[in-house]
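The values are calculated or read from the model by the stated rules, or taken from the named source; none is laboratory data. Remember, it's a predicted structure, so these values are computed and weren't measured experimentally. Glycine gets a Cβ as well: all are built from the backbone with ideal geometry, and neighbour counts include every protein chain shown.
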There are 2 protein chains.
Amino acid sequence: MRFRIQSAMVAAVVAFAFGSSRADEGMWLLNKPPAKALKEKYGFEPTPEWLEHLQKSCCRMGASASIVSPEGLVMTNHHVGHDSLEKLSTPEKDLLKTGFYARTRGEEVKCPDLDAVVLWSIEDVTDKVTGAVKPGMSPADAGAARRKAIAEIEAASDKATGLKSEVVTLYHGARYHLYCYKRFTDIRLVMAPEEQAAFFGGDNDNFEYPRYNLDCCFFRIYENDKPLKTEHYLKWSKNGAADNELTFVVGHPGRTQRLYTVDHLKFLRDVEMPSILRKLWRREVELAGFSSRSDENARIANGDRRSVENSRKAFTGVLAGLNDPAVMKQKMDEEKKLRAWVDADPERKKEYGDAWDKLADAHANYRTFYERQMALDGRRSVLRSDLMKIARNLVRMADEKQKPNSERLHEYTDSELAELEQDLYSPAPIYDALEIERLGDGLSFFAEQFGGDDPLTTTALAGKSPKARAEELVRGSKLKDVAFRKKLAAGGTAAIASCDDPMIRFAAAIDPESRRLRKRFEDEVESVERAAYAKIAKAKFASEGEDTYPDATFTLRLSYGPVRGYIEDGKQVKPFTEFAGMYERAKERHGEYPFNMPERWAAKKDKLKMDVPFNFICTPDIIGGNSGSPVVNKQGEVVGLVFDGNMQGLVWDIAYTDDQARCVAVDSRGLIEALKNVYDAGPLVNELTGGKS
Amino acid sequence: MRFRIQSAMVAAVVAFAFGSSRADEGMWLLNKPPAKALKEKYGFEPTPEWLEHLQKSCCRMGASASIVSPEGLVMTNHHVGHDSLEKLSTPEKDLLKTGFYARTRGEEVKCPDLDAVVLWSIEDVTDKVTGAVKPGMSPADAGAARRKAIAEIEAASDKATGLKSEVVTLYHGARYHLYCYKRFTDIRLVMAPEEQAAFFGGDNDNFEYPRYNLDCCFFRIYENDKPLKTEHYLKWSKNGAADNELTFVVGHPGRTQRLYTVDHLKFLRDVEMPSILRKLWRREVELAGFSSRSDENARIANGDRRSVENSRKAFTGVLAGLNDPAVMKQKMDEEKKLRAWVDADPERKKEYGDAWDKLADAHANYRTFYERQMALDGRRSVLRSDLMKIARNLVRMADEKQKPNSERLHEYTDSELAELEQDLYSPAPIYDALEIERLGDGLSFFAEQFGGDDPLTTTALAGKSPKARAEELVRGSKLKDVAFRKKLAAGGTAAIASCDDPMIRFAAAIDPESRRLRKRFEDEVESVERAAYAKIAKAKFASEGEDTYPDATFTLRLSYGPVRGYIEDGKQVKPFTEFAGMYERAKERHGEYPFNMPERWAAKKDKLKMDVPFNFICTPDIIGGNSGSPVVNKQGEVVGLVFDGNMQGLVWDIAYTDDQARCVAVDSRGLIEALKNVYDAGPLVNELTGGKS
């Protein structure tokens, strides 16, 4: 998963418009669109066909993307394609430096482990999931019952539909919807600009506006070795969007915390965000040092660096929001209001009243093992070596496959295995130097975080220094060989038990502690959250109505709002930038990295119309994961490509405001202008515009 | 204080030579030189005159320095002079970019707050200090009694000698020596190269070898507005040092932990180093972001960045050493041996036996409040804004001056006040933007570290966000005005109490908690350390003899050892580099920062003899604080200027080894060659060489 837009530098004073009818708030479910607000405010009524077409024209591919031609052409961000671009590069040919364009189908290159899923159907299965919980069950047992029900629903749906089936937890547990996806695994690279054009201004200008980024990347979905034929694709707008025009964003926002209780937000503020940032600061410095040692180091660590820098900036913003008393006060007032409504009636109090305290107790408990669990488990584990991830998946998969499907850890259930195996058997290059750096740093982190004499540290280090241990594990492992991985997987638990690969033994040695902590989280925290948030959401529905949206879950959502500038430090920030601005910015920053003009852009300056709109801003409600989402007009035509939010939008993780916060997109007109006149990509332009550009 | 060389990347396998007679280990006291080893190994007998001359030719000036002409010319490192160079710069004239050379005395510029002290006499006052402790006193009372005795000794000596008097705690409490210094406060800048020549290769090559750095800076001591006349100065060697020639380093190593117990080292490994590094990683990323915003931001934050990058690399090395099982095992073996010797005799056991457990208990207790104390107090406080430091000193000074001298916090005793006031009334520029960045970051750290609802956080933030609070404090304060500071100081506690300057009120609001934690440290940790280490040192003296050196204390020490290369990854690293190597390194790294040749050096290439030695390595035992130390030969003539240690030398904080670890110096010949032919500094060269170059 890649999240460019993750989360909030709040301007010193932000007038929050929580729940205000003026604000175009919401990441709406496609089966529960903001029909009332759109009609009342914009006189627009989305038809079921309009919604279905958008739904089936969008896909999830690491982050968000859309199908933009009848022949399976897919548009997303360069930074979403970054991982594939890096995997397709070599020391001799670095696609991030050179860019790429396949002028013919034959030149399109298959990505090692990229897949795309298109949402095909949605069904409410809340009753089936919550019905599995029997009165009197402990939270842990209730959690297990829910997970079992979910696995069974998914497996049955997989079998019945042949589609990848996924039960999505909405409102943190008040609703469960079954999403069925068409999944494509043959994805080929069509076009990418050089990174310096896609990410002009670098970390410096990330989450800033005005911007001048051609943050696009084109892929093509293949089926049976042929380009996908599809009626569901987005057409290109001839004129782009105008100032104040209503726009829509359809994409996959990753995660928000808007429904969190105040206590949960404090956990986020005092525990989770500081912990994540501490690791990011550390990684950023370590990776900068590693990269500075050689050109090749810089090349292979580029993706890690981009990801870390981006997350650091995003989470800094979220934390700033959480530390802003105005934001927290608003959250407290909202909670106070709801709790007063609950407490005003003995029945309501009995039904919902204990939810807040249960959550508070669960998070107080979670504070005692959060750091340890995070170090070992989940996507923020410090053990982020590719070989280690492979080893852990092999070790766990062998164990899990022995269990009935509905009792497995979710990522090893039958409906998830295809995705897992695509990753596991990816032929993407793995670099010893970077692996050693990642693992050595992670092992050192264990020692720092838990102490040199902690059993976890001593088990992990096995009497070596972190660096020596990392070298031993990486250089001694045969897991770079995909055939070896497959053979091990085929051999099941017996093969794992008798395998002397050091990385396998390492993964096996720390797995019990990792599993123990995950189980504690699921039993003592997640289960409580599901039940308590279900109560809170029900109380909210009962008191405020159900015309609302759930927190983001990395599933398809619809947002809306006009193209609109804003006022900052007393000055008007215009909604559109033009190509001319990019050349001016380069000049103003002495052409020094990250403000150097890419060679091609310097050379083709005369060919470009300087006043064509390049990037623009609008108010639709987005978050990290929305990167690559199309911006469409009322006709469902592409007018832009979301690639960022501004600094003031980082607070959107916890609260929406549209005073200054904005979604940032590449303008469809600038995109075509650059493809034509900088990249000479006529065939691609014709495919996008139906030959009408 | 500036510590360039602070602390150890241990090579995967290092054969430690603890206590081995082969190793030229030790930072020896000038009144207790390594006479036996020098005579036995090198046939050299330092005379009292030789020692006295070196002692009185060296000075402490932030780090280390030496007097190198009869007219008070002082030589140190560029990075030691960095603070003054920054303070003398303006947006229009950045001395770090341009360099500086005063061709005549009249052009020499006074530094705003630089002072230099020369060690004039040493007296053992152990009995007076330890005699103040009466049997049966609690550790806290014993600590107070020692501190009181020290303040009285210093005050009496100040009065009797007119010299700045300082009681130095040696062997962590086994010995107390009274050092009397001549102090000079009129220090003027004579010559500095541009930073790019002084720090060619930047953070990249810092703590690496081979190196090509002209890391020098020249000042002049003035007395009564005239250059200091002195008979004690170091002469310049005509020929420099040869490979394998014995050399000496005389300087001020800051702090080592070689005598620490294993338990104390674990405190360092598990608590102190990780804590320091977490703050450094954070600062490094924050400062990079701040600097990237504008050229002026980059200029004013340069010193902070250099300092943070340097410390981060140094402490990473120390932590790697602590996490190296070979290092820790050696320490355990040594301790086991000593404790076995103690336990072997009931008398010894009674006298020394409880020291280790007392220390272990004290450090277990210290773990519970270390983070909080460090956030508020001491030189690593996160509140590193200049205005905040000024405010705190004003608040505390008012309180402390009301107490008898011997009961004050040490930095407010009469013998320290002159130095404190020089800092306090410094006219050096203070920049709002950087102050807000520093303070905002520190306040955010409070919230992350202690939680948003912690009383310390809420007191510090006063209902604002960290950034808004920092802006309010900085922009609202009048403390940039030196006259205002003096007026406040003159008004004592009444003036402070009635002062509505927001920074003063802020400092006053958090001072009680800061003082409370400092007192806990002094009573519960430091006092125990003093008593316990005194016992351990006595046991060591009794079992191993007293021919040894104490841990570094930022006081004058003598180290020795030959010029010598080493073998790394099977290759010979030669002891000397030449100018040619610098030009080659720039080429190999595409001339990109930090490997760009300074303009002047590119232009003057033809004037330079390419084969003149530029930097060299030798084995004398140094640590951070030694930056700027002269390297001298047996005749006491300058053959080099210490500016760094290599990566393998970072472990010297905790243990000396000379397999690969080296002290890195500018060669006296390269220095003269560059001054003459790149900087056209004939008069300076003549002064250094007595006209004999």
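Considering B:Thr230, B:Thr247, the condition of being closer than 25 Å to B:Asp24 by Cα and more than 14 Å from chain A (Cβ to nearest Cβ) is satisfied by B:Thr247 alone. Does segment A:543-557 contain at least one residue that is basic (Lys, Arg) and closer than 29 Å to A:Ile622 by Cβ? Yes, segment A:543-557 contains at least one residue that is basic (Lys, Arg) and closer than 29 Å to A:Ile622 by Cβ.
Based on what the data block shows, is A:Ala140 over 25 Å from the mean Cα position of the chain (by Cα) and over 30 Å from A:Arg211 (Cα atoms)?
Working: over 25 Å from the mean Cα position of the chain (by Cα): yes; over 30 Å from A:Arg211 (Cα atoms): yes.
Spelling it out, A:Ala140 is indeed over 25 Å from the mean Cα position of the chain (by Cα) and over 30 Å from A:Arg211 (Cα atoms).
Within segment A:366-396, the set of residues being in contact with a helix residue (DSSP H, G or I) (Cβ under 7 Å, 6 or more places away or on another chain) and not in a helix (DSSP H, G or I) comprises A:Arg367, A:Phe369, A:Asp377, A:Arg380, A:Ser381, A:Val382, A:Leu383, A:Arg384, A:Ser385.
Here no strands (runs of 3 or more DSSP E) wholly within segment A:572-671 include at least 3 residues being touching a Ser or Thr at 6+ places or on another chain (Cβ under 7 Å) and modelled with pLDDT under 95. You will find that of B:Ala320, B:Ala314, the residue that is in contact with a Gly (Cβ under 8 Å, 6 or more places away or on another chain) and either assigned to a helix (DSSP H, G or I) or within 9 Å of chain A (Cβ to nearest Cβ) (or both) is B:Ala314 and no other. Scanning segment A:238-256 finds no residues that are within 23 Å of B:Arg282 (Cα to Cα) and of a type in the set (Val, Ile, Thr). Out of A:Ser385, A:Ser381, one residue alone is in contact with a Leu (Cβ under 6 Å, 6 or more places away or on another chain) and modelled with pLDDT under 95. It is A:Ser385. Among the residues that make up segment B:356-377, is at least one of them surrounded by fewer than 20 Cβ atoms within 10 Å (Cβ to Cβ) and farther than 17 Å from B:Glu526 by Cα? The answer is no; no qualifying residue exists. Taking segment B:397-516 as the region of interest, the helices (runs of 4 or more DSSP H) fully inside it that hold 1 or more residues being within 14 Å of another protein chain (Cβ to nearest Cβ) and either over 25 Å from B:Arg278 (Cβ atoms) or among the acidic types (Asp, Glu) (or both) are B:432-450, B:466-476.
Might you check whether a residue that is assigned to a helix (DSSP H, G or I), of a type in the set (A, V, I, L, M, F, W, C) and touching a strand residue (DSSP E or B) at 6+ places or on another chain (Cβ under 8 Å) occurs anywhere in segment B:182-198?
Going residue by residue through segment B:182-198, those that are assigned to a helix (DSSP H, G or I) are B:195-198.
So of that shortlist, the ones also of a type in the set (A, V, I, L, M, F, W, C) come out as B:197-198.
Of the ones still in play, those that are also touching a strand residue (DSSP E or B) at 6+ places or on another chain (Cβ under 8 Å) are B:198.
Yes, segment B:182-198 contains at least one residue that is assigned to a helix (DSSP H, G or I), of a type in the set (A, V, I, L, M, F, W, C) and touching a strand residue (DSSP E or B) at 6+ places or on another chain (Cβ under 8 Å).
Okay, residues lined up against (1) assigned to a helix (DSSP H, G or I); (2) closer than 28 Å to A:Leu434 by Cα:
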{"position": "A:Lys36", "(1), (2)": "yes, no"}
{"position": "A:Pro46", "(1), (2)": "no, no"}
{"position": "A:Glu49", "(1), (2)": "yes, no"}
{"position": "A:Glu71", "(1), (2)": "no, no"}
{"position": "A:His82", "(1), (2)": "yes, yes"}
{"position": "A:Pro91", "(1), (2)": "no, yes"}
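With the requirement that a residue be more than 14 Å from chain A (Cβ to nearest Cβ) and in contact with a Phe, Trp or Tyr (Cβ under 6 Å, 6 or more places away or on another chain), what does segment B:323-344 give you? Of everything in segment B:323-344, just one residue is more than 14 Å from chain A (Cβ to nearest Cβ) and in contact with a Phe, Trp or Tyr (Cβ under 6 Å, 6 or more places away or on another chain), namely B:Val342. Here B:Gln6 meets the list (1) modelled with pLDDT under 95; (2) surrounded by fewer than 17 Cβ atoms within 10 Å (Cβ to Cβ) almost entirely, failing just condition (2). Scanning segment A:555-569 for residues that are surrounded by fewer than 20 Cβ atoms within 10 Å (Cβ to Cβ) and within 22 Å of A:His252 (Cα to Cα) gives a single hit, A:Pro562.
Among residues of segment B:585-613 that are assigned by TED's automatic domain parsing to the domain that holds B:Gly670 and buried (at least 16 other Cβ atoms within 10 Å of the Cβ), those with a Cβ under 6 angstrom from a residue that is acidic (Asp, Glu) and assigned to a loop (DSSP other than H, G, I, E, B), sequence gap 6+ or separate chain, pair up as B:Pro598/B:Glu194. Checked against (1) crowded, with 22+ Cβ neighbours inside 10 Å; (2) in a helix (DSSP H, G or I), B:Lys97 passes all but condition (1).
Condition (residue is more than 30 Å from B:Ile153 (Cα to Cα) and aliphatic (A, V, I, L, M)) applied to segment B:303-314: is it met by at least one residue?
Here is the first cut: in segment B:303-314, the ones more than 30 Å from B:Ile153 (Cα to Cα) are B:303-314.
After this cut, where a residue has to be aliphatic (A, V, I, L, M) as well, the list is B:308, B:314.
Yes - at least one qualifying residue is present in segment B:303-314.
A Cβ distance below 8 Å, combined with a sequence gap of six or more or placement on separate chains, defines the contacts here; from segment B:479-492, residues that are surrounded by fewer than 16 Cβ atoms within 10 Å (Cβ to Cβ) reach residues that are of a type in the set (S, T, N, Q) in the pairs B:Val482/B:Ser426; B:Gly492/B:Gln402. Would it be correct to say that B:Arg306 is crowded, with 16+ Cβ neighbours inside 10 Å, within 14 Å of chain A (Cβ to nearest Cβ) and either hydrophobic (A, V, I, L, M, F, W, C) or in a helix (DSSP H, G or I) (or both)? When the stated conditions are applied, B:Arg306 does not pass them.
Yes or no: B:Ser294 within 14 Å of chain A (Cβ to nearest Cβ) and over 30 Å from A:Phe445 (Cβ atoms)?
Details: within 14 Å of chain A (Cβ to nearest Cβ): yes; over 30 Å from A:Phe445 (Cβ atoms): yes.
Yes: the conditions hold for B:Ser294.
Would you point out the residue of segment A:253-291, among those that are aliphatic (A, V, I, L, M) and more than 12 Å from A:Ile654 (Cβ to Cβ), that is nearest to the other protein chains (Cβ to nearest Cβ)? Filtering first and then ranking leaves A:Val285.
The set of residues in segment B:205-219 being within 14 Å of chain A (Cβ to nearest Cβ) and in contact with a Gly (Cβ under 8 Å, 6 or more places away or on another chain) consists of B:Phe207, B:Glu208. When B:Ser157, B:Ser165 are screened for being in a helix (DSSP H, G or I), more than 14 Å from chain A (Cβ to nearest Cβ) and touching a Cys at 6+ places or on another chain (Cβ under 7 Å), only B:Ser157 passes.
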